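Enquirer: This is the structure I have questions about; it appears just below.
Values quoted throughout were computed directly from the atomic coordinates according to the rules given, and no laboratory measurement underlies them. Please read these numbers as outputs of a predicted model, since none were measured by experiment. As a convention, Cβ positions derive from the backbone with ideal geometry for all residues, glycine included, and neighbour counts pool all protein chains shown.
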Amino acid sequence: KEKTNTFTPPDRLKDVESFAEEVASVLKDLFALQVKIANMHYEVDEFGSGIYYCLVYRSERGERFLVTFLLNEQLVLRTVSEMPGIPFDKIDNIVLYATRQIARYLLEYIGGHFQRTGRFQLEKEALLDEKQFLQGMNVANPYCSIRFETQYGPFALCVNR
């Protein structure tokens, strides 16, 4: 079983505040970031330049589930540079690969905050720019959308059906 290709999505989030605190805690522990929860009902406006990493999962019955990580460019570069101790000053293929792995790991780790409804298989993933994200995603009524602030810029996590 390859853990990074499956996701057990929520029926509903048990406790949004607990979930947000767990995400902040993981980011603090893994990357020594100063993280605070900025908005528990983030409407994904004016996020700015960065990486929009979307994971699309689908069940055997065809139900779709979308998880999107919105990552400020400075935050991504600083975080990825911490792992090998090699400073990165621009987004390149290595940085994008590391970002995908970090996002998948984080999703796996925080999945315990969701009530289980069945297994979803990773169907596709996409790196988008802000315009593509806002045009192609249902951002008006996300299942869960939380914005965090760090000393290197914002991070947001959005979950949609």
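Enquirer: Binned at 10 Å from 0, what are the whole-percent values of the Cα-Cα distance distribution for region 15-64, short to long?
Expert: For region 15-64, the binned pair fractions read 18, 34, 38, 10, 0 percent.
Enquirer: Hey, another quick one. Taking the highest mean first, how do the peptides 144-154, 99-109 order by number of other beta carbon atoms within 10 angstrom per residue? Mind dumping the intermediate values first?
Expert: On the way: 144-154: 19.4, 99-109: 17.3.
Highest mean packing first, the order is 144-154, 99-109.
Enquirer: ³J(HN,Hα) across region 145-158 via Karplus (A = 6.51, B = -1.76, C = 1.60, θ = phi - 60°), whole Hz, x for Gly/Pro?
Expert: Karplus values, whole Hz, x for Gly and Pro: 8, 10, 10, 10, 10, 10, 5, 10, x, x, 9, 9, 10, 10.
Enquirer: In nm, give the distance between the simple-model label positions of E22 and Y105, each being 7 Å from the Cα along the Cα-to-Cβ direction.
Expert: Result for the modelled spin labels: 1.8 nm.
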